[in-house]
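Have a look at the structure below, then the notes.
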Amino acid sequence: MTASLEIIEMIRERAHVTYEEARAALEHCNDDVVEALIYLEKQGKTNASAGDKMNGFFAKAKKLVKASFQTKFIISKNQETLINLSVAIVIIVTLLVPPLVILGLLIALFTGCRFRVEKTDCDMKINKTFDDISSYTAKVSEQVKEVINQA
């Protein structure tokens with residue numbers, strides 16, 4: 001029995017194989033579509049799962065990029081905002097000039113600046129860590145000032 005073009009096309013689209021592979025699988029499985037798909041899968045000829053994984057990856061990546069633009073990284077001093085940038089921009093700048101970013105953040109920390117990450121729909125737990133770091137560096141800065149003043 002010869003499979004119709006519609007059935008071959010259906011298998012070709014679902015399994016992401018050539019017409020020839022779809023027809024051969026159907027012939028091998030006596031025109032049983034499900035068996036032909038399973039046969040192709042066992043042969044390792046289907047690319048459907050790879051395509052699904054890539055679509056899932058790109059969907060997650062798109063969601064992550066969107067969230068990074070909606071999330072803000074804020075540096076403030078004495079309740080005055082000095083820098084308010086999206087996390088995406090901060091990541092890009094950090095990738096381009098990491099030493100400059102690290103130096104800038106250290107200077108900001110030791111001059112009494114506070115860091116915050118804000119997103120409109122959730123409370124960011126990292127802000128507690130940023131507050132702890134800021135408090136610790138403020139203590140270290142005071143100790144360094146005392147040592148310098150005593151010298």
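What you get for the chain, charging only the Cβ of Lys and Arg (+1) and of Asp and Glu (-1), is a dipole of about 1020 debye around the Cα centre.
Measuring how big the chain is from its alpha-carbon positions, Rg and Dmax come out at 29.1, 99 Å.
A straight Cα-to-Cα reach below 24 Å connects residue 45 with the lysines 53, residues fewer than 8 places away in its own chain not being considered.
So if R0 is 41 Å, what FRET efficiency would residue 131 and residue 20 give, r being the distance between their Cβ atoms, rounded to the nearest 0.05? If you can, show how the numbers build up before the last one.
Working: r = 65 Å, r/R0 = 1.57.
Efficiency computed from Cβ-Cβ geometry: 0.05.
Treating r as the C-beta distance of residue 101 and residue 69 and R0 as 22 Å, the FRET efficiency rounds to 0.75. With the charge dipole of the chain set up from +1 on Lys and Arg Cβ and -1 on Asp and Glu Cβ about the Cα centre, the Cα lying farthest toward the positive end among the listed residues 44, 85, 103 is that of 103. For the range 5-46, the Kirkwood hydrodynamic radius from C-alpha pairs, put into Stokes-Einstein at 4 °C and a viscosity of 1.567 mPa s, yields a diffusion coefficient of 138 µm² per second. Using a cut-off of 25 Å between alpha-carbon atoms, which lysines can reach residue 60, once sequence neighbours fewer than 8 places away in the same chain are excluded? List returned: 72, 119, 125. Distance from the Cα centroid of the range 124-140 to that of the range 1-46 is 60 Å (rounded to whole angstrom). If the reach is capped at under 27 angstrom between alpha carbons, list the lysines near residue 145, excluding any in the same chain fewer than eight residues apart. Qualifying lysines at Cα under 27 Å: 77, 128.
A short reminder: the numbers here are calculations on the coordinates, not readings from a lab. Computed from a predicted model, the values in this text were never measured in an experiment. A quick note on method: Cβ atoms are made from the backbone with ideal geometry, for glycine too, and the neighbour counts reach across all protein chains shown.
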